[in-house]
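Please read the structure below before turning to the comments.
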Amino acid sequence: MIEAVLHRLIDANRLSPEAAEAVRAEQHKTGKPLAVVLTHAGHVPEEAVLDAMAAHLGIPMLTDLEGARVNVQFIEKVPIEFARHHAVVALNGANGALLIATADPLDTYPLDEVGMLLGREIAPVVAPREKILSLVSNAYEMDLSAVDSMLGGLDSASLEGITREIAESEDLADMANKAPIVKLLNTILFQALKQRASDVHIQPYERHVQARYRIDGILYDVMRIPKVVQEAVISRIKVMGKMDIAERRVPQDGQTSFVAGGREVDVRISTIPSVNGERAVMRLQDKSTGIYDLRKIGLLERDLETMTRLIAMAHGIILVTGPTGSGKTTTLYAALKEINGPEVNIITIEDPVEYQLPGISQVQVSNKKGMTFATGLRSIVRQDPDVIMVGEIRDLETAGIAIQSALTGHLVFSTLHTNDASGAVSRLLDLGCEPFLVNSALIAVAAQRLVRRVCLACREAYAPAGEELAANDLARAQLKDGLLYRARGCPACQSTGYMGRMGIYEILQIDDAVKDEITRRESSAAIKKNAIERGRLATLRQDGMAKAALGLTTIDEVRRVTQLDIA
């Protein structure tokens, strides 16, 4: 069908044969809709492409959707993310017909999915992508009945009182008799749990307040809240976190917990003043998920064997590095769970204690009370520990105590904020640690990132071209069944094409060659380059591509999170 459309454009002198060949290659490589490839490359206006598609398929073309009425069932049953991702919308046609406007009529999957969700026969029509997306946004934003019903009948007097109504550890499923603001916040949190969100953002703008969920590391807009109740919503959040409602000029932190459908959830709350009022972020930690097993966090067999061997050592420092939100703490908890037992004394010092580990003593950092990482670590060493976990090495004092602890017979785990494994070595030297001490104490550094797992329900298999494999340092022999996968999007994964996350890893073991480089204060780039050449290091991107080759994620996802990986 793509060939037929390209030939129509060539015959109409809209496209040259050379440009058509480039379009074929780009479309095959990226899997993007034909209209998007042609338009972005500047070859043909979108309207001309859609007109050719409509003529080839024999379906109507709508150039203008002004005044079009979106089907109510479509709004109720089809997630807005699905409609936006696939650029589809259901319209009420004449005589009760259901029209599905699409910007990519060559892709029948979303049309079939919408027909199945609505349980009706559909008639496809073609329309420009921007017109469809605009209509989708307007239709879903106008459908504020759920928010309006929760906020109905509020006046200024009731707004002041509702923030006082709070019952700790209540079940969010029981919302029938709650005050409107309480019910609204409960609904937002309950939906966040259903959609596997890790964070809930309440972000004020000039004319409205936007609720957003972070799902698998990506932020999504989910609900518009009227500006008039902004202060009441933020106050309710502060009451939940036992924070000062009257203080609006400085950042605040709080904590609470609740039960949702029998699941106990901890919530860390942060507020900060902004130009348009205070914004709040709530981090959700579902206790029912438990601590991840070392075998379930994404380590390939090679790295799992290496990590299992390293954490069984009697003494030394093992560092886990990466940016905020890259899963460092989860990896450390999985390691501690693996070696935990009645014969091992494990003590941690964390900021904050994110999960409580049975059989392990955990200490909370409190700068106000003088309990810093350094002071806490000094005290922990006197508690006869076998294994110590330090939440983060931030300064020379903490690094120095951690190194001394490792040299006196303790196994120490900690984290650093660096881009790759070799960067952790340079960071310790930059903090002021002596090279001979780093050589003596450090046994390994594991850098990591999180990539989204491709949704198994809707992933699309394809046979990659040789150019794509070469560009991503992959060999066809690595591929499972000779195929790679693209993300599509379905209702099961909120139309993202991904479901859940896993780690990708870069493990640098401190062997004699690396110790020599540390002594000479070689740069992190040189240490990394030499380790790769010696076959002692697989980079983050290489590990990610190996997982894409196994069908666990996609090449696009790996490239997204490893943009700074030089290899």
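The values are calculated or read from the model by the stated rules, or taken from the named source; none is laboratory data. None of these values were measured; they are calculated from a predicted model. Positions of Cβ are backbone-derived with ideal geometry, glycine not excepted, and every protein chain shown enters the neighbour counts. All accessible areas refer to the heavy atoms of the entire protein, side chains included, with ligands and DNA or RNA removed. Shrake-Rupley method; radii C 1.70, N 1.55, O 1.52, S 1.80 Å.
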Practice task
Among what's in the range 516-555 and is under 28 Å from the mean Cα position of the chain (by Cα) and assigned to a loop (DSSP other than H, G, I, E, B), pick the residue that is nearest to Gln478 (Cα to Cα).
Solution key: Leu550
Problem - Candidate set: the range 100-137, residues that are in contact with a helix residue (DSSP H, G or I) (Cβ under 9 Å, 6 or more places away or on another chain) and among the β-branched types (Val, Ile, Thr); chosen: the one nearest to Gln73 (Cα to Cα) - result: Val114
Practice task
For Leu299, indicate whether it is under 22 Å from Gly503 (Cβ atoms) and either in contact with a Lys or Arg (Cβ under 7 Å, 6 or more places away or on another chain) or outside any loop (DSSP other than H, G, I, E, B) (or both).
Solution key: no
Practice task
Looking only at the range 333-361, count how many residues are part of a loop (DSSP other than H, G, I, E, B), in contact (Cβ under 8 Å) with a residue 24 or more places away in the chain and acidic (Asp, Glu).
Solution key: 2
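Would you point out the residue of the range 8-46, among those that are of a type in the set (Lys, Arg) and more than 28 Å from Thr554 (Cα to Cα), that is modelled with the lowest pLDDT?
The selected residue is Arg14.
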Fill in the blank from the handout: When every residue in the range 128-147 that is surrounded by 14 or more Cβ atoms within 10 Å (Cβ to Cβ) and among the aliphatic types (A, V, I, L, M) is compared, the one modelled with the highest pLDDT is Ile132
Exercise for the section: For Glu66, indicate whether it is open to solvent by 40 Å² or more (accessible area, probe 1.4 Å) and over 18 Å from Glu113 (Cβ atoms). Expected result: yes
Exercise for the section: Select from the range 481-514 the residues that are among the hydrophobic types (A, V, I, L, M, F, W, C) and in a helix (DSSP H, G or I) and write down the one among them that is farthest from Gly322 (Cα to Cα). Expected result: Ala492
Exercise for the section: Kindly indicate whether any position in the range 343-352 is in contact with a helix residue (DSSP H, G or I) (Cβ under 9 Å, 6 or more places away or on another chain), at pLDDT 90 or above, open to solvent by 50 Å² or more (accessible area, probe 1.4 Å) and more than 23 Å from Ala525 (Cβ to Cβ). Expected result: no
Practice task
Can you tell me which residue within the range 183-212, out of those that are farther than 14 Å from Gln230 by Cβ and among the polar types (S, T, N, Q), is surrounded by the most Cβ atoms within 10 Å (Cβ to Cβ)?
Solution key: Asn186
Problem - Filter result for Ile318 (more than 19 Å from the chain's Cα centre (by Cα), within 16 Å of Ala447 (Cβ to Cβ) and not in a loop (DSSP other than H, G, I, E, B)) - result: yes
Exercise for the section: For the range 295-312, name all the residues that are under 12 Å from Ile507 (Cβ atoms) and loosely packed, with under 15 Cβ neighbours inside 10 Å. Expected result: Arg302, Glu305, Arg309
Fill in the blank from the handout: Exactly one of Thr562, Thr496, Thr539 is polar (S, T, N, Q), under 18 Å from Lys32 (Cα atoms) and open to solvent by less than 70 Å² (accessible area, probe 1.4 Å), and that one is Thr496
Practice task
Look at Lys328 and say whether it is farther than 25 Å from His417 by Cβ, at pLDDT below 95 and within 22 Å of the chain's Cα centre (by Cα).
Solution key: no
